[in-house]
Every structure is written in C-alpha cells, then in structure tokens.
1. Could you list, in sequence order, the residues of the range 290-336 that are under 31 Å from the mean Cα position of the chain (by Cα) and open to solvent by 60 Å² or more (accessible area, probe 1.4 Å)?
2. If a residue must be modelled with pLDDT of 80 or more and open to solvent by 80 Å² or more (accessible area, probe 1.4 Å), how many such residues does the range 249-289 contain?
3. So which residues in the range 84-98 are more than 10 Å from THR61 (Cα to Cα) and open to solvent by less than 10 Å² (accessible area, probe 1.4 Å)?
4. Does the range 370-386 hold any residues that are surrounded by fewer than 14 Cβ atoms within 10 Å (Cβ to Cβ) and over 16 Å from ALA323 (Cα atoms), and which are they?
5. Scan the range 154-189 residue by residue and report those that are part of a loop (DSSP other than H, G, I, E, B) and either without any contact (Cβ under 8 Å) to a residue 40 or more places away in the chain or surrounded by 17 or more Cβ atoms within 10 Å (Cβ to Cβ) (or both).
6. Check ALA98 against each of (1) in contact with a Lys or Arg (Cβ under 8 Å, 6 or more places away or on another chain); (2) within 26 Å of PRO196 (Cβ to Cβ) and name the one condition it does not meet.
7. Identify the residue in the range 337-369 that is over 17 Å from GLY297 (Cα atoms) and among the polar types (S, T, N, Q) and, among all such residues, is most open to solvent (accessible area, probe 1.4 Å).
8. Of the numbered conditions (1) touching a helix residue (DSSP H, G or I) at 6+ places or on another chain (Cβ under 6 Å); (2) hydrophobic (A, V, I, L, M, F, W, C); (3) open to solvent by 10 Å² or more (accessible area, probe 1.4 Å), LEU73 satisfies every one except a single condition; which is it?
Amino acid sequence: MRTDSSPGTLPAREHLPAGDAGTPVLDVVIPVYNEEKDLQPCVLRLHEHLERTFPYAFRITIADNASTDTTPLVSRRLEAEIPEVRAFRLEQKGRGRALRTVWSASDAPVLAYMDVDLSTDLNALLPLVAPLISGHSDLAIGSRLARSSRVVRGPKREFISRAYNLILRGSLQARFSDAQCGFKAIRRDVAQVLLPLVEDTGWFFDTEMLVIAERAGLRIHEVPVDWVDDPDSTVHIVKTATDDLKGVWRVGKALATGALPLDRIARPFGDDPRDRDVQDVPKGLARQLVGFCVVGGLSTLFYLLLYSVFRQFGGSQTANALALLVSAVANTAANRRLTFGVRGRGGAVRHQAQGLVVFGIGLALTSGSLAALNAASSDPAHSTELAVLIAANLAATVLRFLLFRAWVFPDRDEDQPRSTVVATHTPPATHAQPATQPAMPSYGTQQADGTQQRYAPLPTRPTAHQYAPAPYTPQSPYDTTEFRAGEAAEQRSWKDATMRLDPVRPTDTDPRSS
C-alpha cells in the first residue's frame, strides 16, 4: 500500500575489487566528430595522466561519430600504438548515441566520458570516479557552477549555461547544478538499467539521463571542476539550445503522465536506511505528516468556505454538518492518494466509510464546541464562531491523522495482493541466430489470476568476483548495435571495433545531421 519505500531488503553497495588484473576498472570514452587536430594531443595527455595517477587498470575508448576527415585514421593509429586505447566507429552522428553504444558494450565496471578539448582539469578525474569505485554513488558529474569551481569562459556561454540550469530547476525540479558539463561517470550496472530509458541521441542525452536517475532516487555525486572554455568549439549554440528545450518539454511531459517506468530503477542500489527494520520508528512518518498537514490545511479552507456559504441558508449546526461532510469526503480521497499512497479503486468504498466514522468524531468535537459557545453566549459573532471551529478542527485533525494511519490506511502486508517474482532463462543466442533478437533472462510478476506481468530485470549490486569479463546482453529498445558488436561484446575483443551502425528505429537520427 505504501509507496515511500520499495519492498524487500536492498543489497549494500560494494567496493570494486582492488586487485583485479583482468578487466579495466575504468573506461573513459571520448566522443569525437571531425577532431583530427585535437584528438591525438588529447589522448596522449589523458593517457599520460591516467598512467601516472590512476591506481586501477583503465581503458580509453575513442567513439568516432561519423567523422568525414582523417579522425578515423588518427583513432586507428593511436589504437595501434597505445595498448590502453581502443577505437570505435559509428556511421551516425550524435554524442548521446555514441555514449550509449560504447557504454552498453563496455565490460568496465565504471564508465566515464569527457570532451576531446579537455576543458576540464584532469585532476578532477579521480575524485569523479572514486565514489563510484567505492560504491558510495551511482553517477558522478563535474560541475562548473559549484562555489569552489574555477571557470574561464565568455559571458555569452556563462549566461546560456546558467539560464539552462535554471530552466531545469524550474521545469523538471532538477537538483543537480550542471547538466551539460562534458565530464561524467556512471557505474556499469546502473547504466544497463538506466540507458534503455534515455531516448535522446544528441546533446540532451546528459540531461535526460540525470533527470531520470534523480527522479528514480539514484545517488548523483558532484565534483567542482576547474574549466577553461574552448574558443574553437564546433557546438552550434542556438540549435543545441532549441533541441534541449524540446527535450525538456518531452521529458517533463513523460514525467507528468507517468510514461517513464521509474519503478524499474527506484533505489535498486545501495543500503538505504529507509529499508531497515528499525523498531519504534514508523516508516514514512515524516513524509505522511507533511502530506497530511498540506491536505488538512486545504481541507480546512475548503470547510470554512463551505460553512460560510451554507450559513447563509441555515443555522450554524446544519451549516457545520454539511460543510464537514463534504470536506470530509474530499479530505479522505486526498489523503488516500497523496498522503498514504493508495492507488486504484480497490477498497475505496471501505476507506470512505471509515472516513465517515472519523468524520463523525470530528463532527462531535466541532458540534460540541458550537453548543458550548451558544450556551455561553446567546448571539455570538461570526468571527467568534470561526475561531472556535478552527480550534476544534485542530484537535480533530490530530485525532484524524492517528485514526487514518492506524485504522483507515494501516501499513499491513495483507492489504497488498500477493505476488511472486519468477524468472525464466533462455539459453544464450548463437551466432546463427539473428543479432537483433538477443537472448536474455525474462522476469515477471506472478499475479493472483495466474497471468504474468513482464518488466525489465533489476540488477543487484554485484560482488567483487562478478566483475570478471562477462557477455553483455543488450536490453534496450534503442540499441543501435546491429553489428557484429554482439560478437565483439561477447568475445570482449575491441581490436575489430570499427563497424557500421544503422538505426533500429526509422526516426532514430540526429537532427544535426540533416
């Protein structure tokens, strides 16, 4: 019945193993488009920094977004010369498409990306990925808008960046400070569940990923960065801003209508204190008190308005009874949905009947108060009546909350329909099978009538030995790897990672390429 916490006990976050000499712990992706000039200095500088300061095995992956210059040749040359560098070729533009494709095929437990211009000081890289390695956080982002950040850029870009983040805060209630800084990281187990929900393939990819992650309750770590603007940036500001605003509207609409299945990733990772069974500390009490107070305040205003209207046509007792009856029905319905999180029509009639009993108690309190007032004064002023009713309603409100919580909407497991999680497994697909239909475990909820409701599988926080290389099975309807990439991901070979990628959906194209 309650929605303030997920059912069951969630596994604790695990620190990544420190002595695994096989799979790289970190995979840094550099998405590029026609960057033949800056690519080699960027990769050499990043490789030198990681080799000198990073205490784990790492990989640098160049994600070429359909470059038309000599960028592919530079990528392959760097791959041949540096063992930790891999080249990845896509035949379609789009930074989001490149990141989703490479991250989905990577076997590293921590995935990161940065812009090729290296505007961000590399000293922030280890602080960026450390919370993900330790298991403290699920995503990490660099922030140019933190108080301790040091940023050098023109007033035009500064205004656009701050205005965009203000729009995100006002429209999508985003709490992260910098959505578009090209310096982010994510745990692979989180990415496998989160990326299929991200639709954008361009520059809005970052924002959409962060908004969904935040709404689902994942932990986002922010790192203040030192950042110097690249005056030669090829980003088209006006078109990018227009596409971003369209993305904000699309995501906001999806959140408002419930089209995004956030329950699939709602706090699936970490040892959340709210999931612990602590005696004498009721779950969700603080949130319910806030919700009940808000509903109660609105109900009181509604009640007083109705009383003033009904008082024009009858006595005080009749007006009080009618106003309290109507407001009580509305109050029970609002508390049922907003405060105690009960959805659907099941039990609605019973809840309203119990609410009317609570209404009777409130009626007795308020009617008794009015009777006492009339006994004390033969003709009390209207303002005096309202003051007495407010005091009586305050007392009735406290009693109403206790009765609602303990009797009308109790937190009992038997109120919930019994369901059993079942899983079936299909043997892995062979190379003779179509690459567009990968085999994967299927999960569902066994309903009371015997039917099965399917949904995407939720990963548990892996333990140390589970970070050994293992085949990655695409789960996303947005997978752009039609390829032999199933083979590349299955064999964990990146030497032949240059491939042609075609859109799965006819509309899956980057608007900037038109």
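1. Selection gives VAL290, CYS293, VAL294, LEU298.
2. 4
3. LEU90, GLY94, GLY96, ARG97, ALA98
4. Residues satisfying the conditions are ALA371, ALA372, ALA375, ALA376, SER377, SER378, ASP379, ALA381, SER383, THR384.
5. Matches in the range 154-189: GLN173, ALA174, ARG175, PHE176, SER177, ASP178, ALA179, GLN180, CYS181, GLY182.
6. (1)
7. Restricting to residues being over 17 Å from GLY297 (Cα atoms) and among the polar types (S, T, N, Q), the top hit is GLN352.
8. Unmet condition: (1).
The values are calculated or read from the model by the stated rules, or taken from the named source; none is laboratory data. Just so you know, these numbers come straight off a predicted model, no measurement behind them. As a convention, Cβ positions derive from the backbone with ideal geometry for all residues, glycine included, and neighbour counts pool all protein chains shown. These area figures cover heavy atoms from the full protein model, side chains too; ligands, DNA and RNA do not enter into them. Shrake-Rupley method; radii C 1.70, N 1.55, O 1.52, S 1.80 Å.
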